[in-house]
1. For region 94-121, enumerate the residues that are hydroxyl-bearing (Ser, Thr, Tyr) and either open to solvent by 40 Å² or more (accessible area, probe 1.4 Å) or in contact (Cβ under 8 Å) with a residue 60 or more places away in the chain (or both).
2. Select from region 135-159 the residues that are touching a Phe, Trp or Tyr at 6+ places or on another chain (Cβ under 9 Å) and open to solvent by 20 Å² or more (accessible area, probe 1.4 Å) and write down the one among them that is nearest to THR101 (Cα to Cα).
3. Looking at ASP88 and the list (1) in contact (Cβ under 8 Å) with a residue 12 or more places away in the chain; (2) under 10 Å from the mean Cα position of the chain (by Cα); (3) open to solvent by 70 Å² or more (accessible area, probe 1.4 Å), which single condition is not satisfied?
4. Considering region 8-58 alone, what residues qualify as being of a type in the set (D, E, K, R) and either open to solvent by less than 70 Å² (accessible area, probe 1.4 Å) or modelled with pLDDT under 95 (or both)?
Amino acid sequence: MNKYITGILILAALLAAALFFAPESKKATQKSEVASVVIAEPSSYDFGDIDIFGGKVTIAYALKNTGAEDVTILSGVTSCACTEGEIDDLRFGMHESSGATVIIPAGGEKILKATFDPLAHGPEGVGAAKRELLLKTNSTETPQIKIVFTVNVIKQGSQ
């Protein structure tokens, strides 16, 4: 019986040592919450009429940290595959986020680029659309930031 107790104690000590000496990069994934507020300017945008064959369009939003603590953008997602977002090394779409995090320093700002592909729904994908970009943060005040844009996809000359 002593062998089993000794074995369990050794295993517990090894596990505790592994957790204590884990690389900092793994520990850094546990983000602490902060109370700073992040605002997006503008919070919404209207592209108006866009030709379906005119190519992708992009709008830049300023993400401003109005608080006294750094805010971390943990991930992002879009409401449709026709839309992509990018902040520094964080790139995201409808189904995936790059896994990178972005820190907006206290009192600072980062630029979010939102790109819309009017041809993503095929050559008949015309009409009004509303798209959203959702960012998850470690802020208790703004745990999720929602940015919206609208667009009316047209075939040039067939209005």
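1. So in region 94-121, the residues hydroxyl-bearing (Ser, Thr, Tyr) come out as 97-98, 101, 115.
Within region 94-121, SER97, SER98, THR101 qualify.
2. VAL148
3. So the condition that ASP88 fails would be (2).
4. Quick first cut of region 8-58, residues of a type in the set (D, E, K, R) only: 24, 26-27, 31, 33, 41, 46, 49, 51, 56.
Within region 8-58, GLU24, LYS26, LYS27, LYS31, GLU33, ASP51 qualify.
The values are calculated or read from the model by the stated rules, or taken from the named source; none is laboratory data. Values in this document were obtained by computation on a predicted structure and should not be read as measured data. All Cβ positions, even for glycine, are placed from backbone atoms using ideal geometry, and neighbour counts span all protein chains on display. What goes into the accessible areas is simple: the full protein's heavy atoms, side chains included, and nothing from ligands, DNA or RNA. Shrake-Rupley method; radii C 1.70, N 1.55, O 1.52, S 1.80 Å.
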